[in-house]
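Engineer: Before I ask anything, let me first share the structure, which is written out below as structure tokens.
Coordinate-derived values only; no laboratory data. Everything numeric in this text was worked out from a predicted model, so none of it was measured. For neighbour counting, all protein chains shown are included, and Cβ atoms are generated from backbone atoms with ideal geometry for every residue, glycine included.
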């Protein structure tokens, strides 16, 4: 399980800190597909980096922590921010954004697979036996074992993406973090990648966290999802509930802008733009774009709390409705 406890993170710049993640507090359950959605620049990818413990200058955690815990091979484990990198690949893995570009272009794939496997897991077998296991796994994912002898530039974008996902899942980690895994791929390849991620999650019974600005991706594969805006969650709940009955004004506008089969009505984008993260306004950061905003919204930060069973949101307007 991943537990995010009152987490805030920022980037240090010569002009001051840019607060990209602010007061995020939630849990990601075992054996679920959890989605993180929101406009570009809202902090999705930075949040994923803090979950994976890639916290290096200029990124720093201002407060809070991430706790990764669970059971692997009959043994309990628990790591927190600053320690999570100790269990990379084995307990948690990461498919970064633009993953096709992260493979070393001058190293054959077989060497990159061997580097990702902890020495402890290779000590009881020869290199040939390890590569035989990798080759068998690649075949299960629709890749020829021949790609192990290839350089990344010799593969198509879809093949490189499958290779990255194979790297991330070969050790059967408890948690897989995927940042925009279908970006820059054509529609047919996108569907294949999504179906593969779903199948692997069902096969290993692990947790998949997927970041995407594409709401259609979340609708297709996630069980629960959180909607981010300007560094914080504004709504969280079961995916079907969010699409059927969005409760936060921002979520309603996101869902309302989606094209639907047979719907010929003109779609309208969300007016305005998100606030600058360096000097965000007081109160609710969505207030300037919200049709329900009041003076209280512009002055006080709303509390992220349970509005309905299993549905969490941060909105003064919703609080008044409930009360």
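Engineer: Mind pulling the per residue volume of the convex hull built on the Cα atoms of region 1-48? Å³ is fine.
Structural biologist: Normalising the Cα hull of region 1-48 by residue number yields 77 Å³.
Engineer: How tilted is helix 127-140 with respect to the longest principal axis of the chain? Cα atoms for both, answer in degrees (0 to 90, nearest 10).
Structural biologist: With both axes taken from Cα atoms, the answer is about 50 degrees.
Engineer: Report, for the chain, the % of DSSP beta bridges that are antiparallel, rounded to 5.
Structural biologist: Expressed as a percentage, antiparallel bridges in the chain total about 65.
Engineer: In addition: Would you mind checking the tilt of helix 187-204 against the longest principal axis of the Cα atoms of the chain, expressed as 0 to 90 degrees and rounded to 10?
Structural biologist: That helix lies at roughly 80 degrees to the long axis.
Engineer: Further question on the same structure: Treat each spin label as a single point 7 Å out from the Cα along the C-beta direction, and report the residue 267 to residue 244 distance in nm.
Structural biologist: 2.3 nm
Engineer: Compute the FRET efficiency between residue 299 and residue 11 as 1/(1 + (r/R0)^6), taking r as their Cβ-Cβ distance and R0 = 22 Å, and round to the nearest 0.05.
Structural biologist: About 0.25, to the nearest 0.05.
Engineer: A further question on this structure: Taking R0 as 51 Å, what FRET efficiency do you get between residue 129 and residue 214 from their Cβ-Cβ distance, rounded to the nearest 0.05?
Structural biologist: E(calc), rounded to 0.05, equals 0.80.
Engineer: So how far apart, in nm, are the two label points at residue 279 and residue 156 if each is 7 Å from Cα heading toward Cβ?
Structural biologist: In this crude label model, residue 279 to residue 156 measures out at 5.0 nm.
Engineer: Moving on to the next point. So if I average 1/r over every pair of distinct C-alpha atoms in region 83-201 and take the inverse, what Kirkwood radius in Å does that give?
Structural biologist: Averaging 1/r across every pair of different Cα atoms and inverting gives 14.6 Å.
Engineer: At 20 °C and 1.002 mPa s, grab the translational diffusion coefficient of the chain from Stokes-Einstein with a Kirkwood Rh over Cα pairs, rounded to a whole number in µm² per second.
Structural biologist: Diffusion coefficient, whole number: 102 µm²/s.
Engineer: Could you list 49, 136 in order of exposure, starting from the residue whose Cβ has the fewest other Cβ atoms within 10 Å?
Structural biologist: The most exposed by this proxy come first: 136, 49.
Engineer: I want to verify a result. In a Gaussian network model of the chain, Cα cutoff 10 Å, which of these has the top mean-square fluctuation: 286, 151, 312?
Structural biologist: Among 286, 151, 312, the largest GNM mean-square fluctuation belongs to 151.
Engineer: Quick check on the chain: helices-only [θ] at 222 nm, where DSSP H runs of length 4 and up contribute -39,500 (n - 2.57) each and the sum goes over total residues. Nearest 500, please.
Structural biologist: -8500 deg cm²/dmol
Engineer: Using a simple spin-label model with points 7 Å from Cα along the Cα→Cβ vector, what separation in nm is obtained for residue 122 and residue 106?
Structural biologist: It is 2.1 nm.
Engineer: May I ask you to derive the FRET efficiency for residue 114 and residue 77 from their Cβ-Cβ distance with R0 = 22 Å, giving the value to the nearest 0.05?
Structural biologist: It comes out at approximately 0.40.
Engineer: Only counting other Cβ atoms within 10 Å, I'd like 71, 134, 301 sorted with the fewest neighbours first.
Structural biologist: By the 10 Å Cβ count, ascending, the order reads 71, 301, 134.
Engineer: What ranking do 211, 107 get, fewest neighbouring Cβ atoms within 10 angstrom at the top?
Structural biologist: Starting with the residue having the fewest Cβ neighbours, the order is 107, 211.
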